[in-house]
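The values are calculated or read from the model by the stated rules, or taken from the named source; none is laboratory data. Nothing here was measured: the structure is a model prediction, and the numbers come from that model. Methodologically, a virtual Cβ is constructed for each residue, glycine included, from the backbone with ideal geometry; neighbour enumeration extends over all protein chains shown. In case anyone asks, the SASA skips ligands and DNA or RNA and just uses the protein heavy atoms, side chains included. Shrake-Rupley method; radii C 1.70, N 1.55, O 1.52, S 1.80 Å.
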Amino acid sequence: MRQRLTIILTILVVLGVLIILNAVTYVREEKAQDSELAPNRSTYHSGPTGSRALYDFLSESGYKVMRWRELPDKLLNGSGQKVQTFVVIGRTQLPFTEQQAASLLLWVQRGGRLVLIDRRPENLLLPKSEEWTISVIELNFPGTNVDPSNPKEMTENVEALQPVQATLFTREIQAVMPSRFASAINILDEDKKGELQPAEHGRGNVPKPHKDSPPPEAAKLVSPAPVVHIAGDRKALLVDYAYGLGRIVVLSDPYIVANGGIGLKDNLQLAINMLTTTDGLIAFDEYHQGRGITQNAFASYFSGTPVLAIGAQIILLVLVLLWTRARRFARPLPLVQIDRRSSLEFVASMAELQERSRAFDLAIENIYSRTRRVLARHAGVDYNSPRTEIAKRVASRSAIDAHWLETLMRQCEETINGAPINWRQSIDLVRRLRETEGILGLRMRSRDARQAAGL
């Protein structure tokens with residue numbers, strides 16, 4: 001017990017030392033400062049490049065919003081059927097694969113609304129609308145010396161843009177303030193080989209989205225031409241166009257919905273109009289922002305803390321202990337040999353062996369030899385003396401009949417010499433030998449007596 005206590009105390013001391021060392025050497029990682037070169041557009045991010053303010057505002061205002069942390073394939077079935085608007089903000093941490101883009105566009109064809117807010121959306125997410133081609137051109141690249149939390153630096157030499165027509169997207173909007181890094185949306189009519197100028201008319205009636213696939217003939221009633229809502233200097237900032245039964249909305253500057261710029265001018269109202277034009281659930285893509293549910297939730301919760309390192313070290317320590325207890329580091333030491341055998345165990349084994357082999361004569365020989373020895377000692381004669389003399393001497397010193405004892409000895413010797421005998425007769429002979437020892441009071445050997453007393 002003392003040895004086990006020592007081992008337990010040693011383990012506790014080692015664990016305490018590991019915890020202390022991890023706590024002392026742990027250095028909290030400083031949060032990287034937000035930059036337009038490597039922005040974090042996640043709705044979980046509260047920095048100037050994040051979009052948490054927009055998400056929290058929509059949630060607290062009663063709109064149905066959620067963070068989508070699964071693959072786009074899930075939009076086609078299950079809980080994804082409740083989503084009406086899917087929002088992708090900025091250049092995501094994980095790029096869209098061809099299969100994911102195809103699944104997302106199929107969902108749009110069935111009546112969904114895809115909102116892309118980026119200075120350069122992925123081409124996989126910008127399909128053609130019949131003869132119309134949509135592309136985004138970056139005009140100004142952000143530098144490392146620009147602070148995204150400083151509106152003056154972000155909007156330097158930039159004028160607010162006004163709506164070019166009255167649409168649902170421009171309702172209650174006088175002007176929006178983009179950043180100086182806003183891109184230009186280019187609309188190309190392949191038939192006319194020319195660019196589309198900002199529209200001078202309304203968007204018209206749009207059929208109510210639904211999820212029938214393939215799209216019915218009613219979808220052909222919607223014009224495939226893109227609609228420009230906000231533009232400046234003949235460069236479009238906000239465009240949407242039909243794709244199947246759904247629509248794709250493109251906003252070329254994520255600063256408008258980012259935490260650092262959503263409070264400028266009517267930027268918040270524009271974000272509300274874009275995302276809440278249709279009723280239903282609004283899903284913000286967090287899977288491609290690196291927040292997918294494929295990550296281990298436990299590891300994510302303790303990320304950046306010494307808990308994971310401590311846990312790994314404890315597991316390593318346990319494995320080392322198990323390995324050392326199963327491995328010998330020196331020559332083997334012989335175990336202390338303790339004789340746990342007894343004559344009774346030997347007798348029991350021999351009895352079983354003799355019974356199975358029906359060697360009753362051998363059993364009688366083992367017992368009679370000892371009894372004859374103690375009888376000769378009791379009679380005061382030699383062991384090899386005739387049985388008649390031994391019987392007379394024993395009878396003269398006890399109440400045993402000499403003829404009875406001589407007959408018993410003769411039967412035992414005949415059995416030993418090969419006379420036929422069965423198990424009942426052998427048991428009777430052994431019983432009579434034990435009775436003789438008991439009548440004469442012949443003592444057993446001290447070791448046998450102790451073993452008999454223990455039993």
Q) Are any residues in segment 81-127 part of a loop (DSSP other than H, G, I, E, B), basic (Lys, Arg) and either closer than 19 Å to ILE230 by Cβ or at pLDDT 90 or above (or both), and if so, which ones? A) ARG110, ARG119, ARG120
Q. Restricting the first residue to segment 138-155 and requiring it to be modelled with pLDDT under 85, which pairs with a second residue that is open to solvent by less than 30 Å² (accessible area, probe 1.4 Å) and not in a loop (DSSP other than H, G, I, E, B) meet a Cβ separation below 6 Å and a spacing of at least six or different chains?
A. LEU139/ALA184
**Q.** Within segment 44-80, considering residues that are in a loop (DSSP other than H, G, I, E, B) and in contact with a strand residue (DSSP E or B) (Cβ under 8 Å, 6 or more places away or on another chain), the one farthest from ILE293 (Cα to Cα)
**A.** TYR63
Q.
So, in segment 231-284, how many residues would count as being part of a strand (DSSP E or B), open to solvent by 10 Å² or more (accessible area, probe 1.4 Å) and under 21 Å from TYR55 (Cβ atoms)?
A. 1
Q | Meets criteria (in contact with an Asp or Glu (Cβ under 9 Å, 6 or more places away or on another chain) and free of Cβ contacts under 8 Å to residues at least 12 places away in the same chain) for ALA363 | A | no
Q: Kindly indicate whether any position in segment 155-177 is assigned to a loop (DSSP other than H, G, I, E, B), open to solvent by less than 50 Å² (accessible area, probe 1.4 Å), of a type in the set (S, T, N, Q) and out of contact with any strand residue (DSSP E or B) (no Cβ under 8 Å at 6 or more places or on another chain).
A: yes
Q.
Anything in segment 418-430 that is without any contact (Cβ under 8 Å) to a residue 24 or more places away in the chain and either exposed (fewer than 10 other Cβ atoms within 10 Å of the Cβ) or touching a Lys or Arg at 6+ places or on another chain (Cβ under 6 Å) (or both)? List them, or say none.
A. PRO420, ARG424
Q: Only residues that are within 25 Å of GLU389 (Cα to Cα) and of a type in the set (Lys, Arg): list them for segment 349-379, please.
A: ARG370, ARG372, ARG373, ARG377
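Which members of segment 105-154 meet the condition of being of a type in the set (Val, Ile, Thr) and surrounded by 15 or more Cβ atoms within 10 Å (Cβ to Cβ)?
The answer is VAL108, VAL115, ILE117, THR133, ILE134, VAL136, VAL146.
Rundown of residues vs (1) open to solvent by 80 Å² or more (accessible area, probe 1.4 Å); (2) under 23 Å from LEU362 (Cα atoms); (3) touching a Phe, Trp or Tyr at 6+ places or on another chain (Cβ under 7 Å), yes/no style:
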site: LEU375; (1), (2), (3): no, yes, no
site: ARG387; (1), (2), (3): no, yes, no
site: ILE400; (1), (2), (3): no, no, no
site: HIS403; (1), (2), (3): yes, no, no
Q: Sort out which residues of segment 41-68 are surrounded by fewer than 19 Cβ atoms within 10 Å (Cβ to Cβ), touching a Phe, Trp or Tyr at 6+ places or on another chain (Cβ under 6 Å) and polar (S, T, N, Q), and write them in order of number.
A: none
Q: Select from segment 79-99 the residues that are under 19 Å from ASP279 (Cα atoms) and surrounded by fewer than 16 Cβ atoms within 10 Å (Cβ to Cβ) and list them in ascending order.
A: SER79, GLN81, LYS82
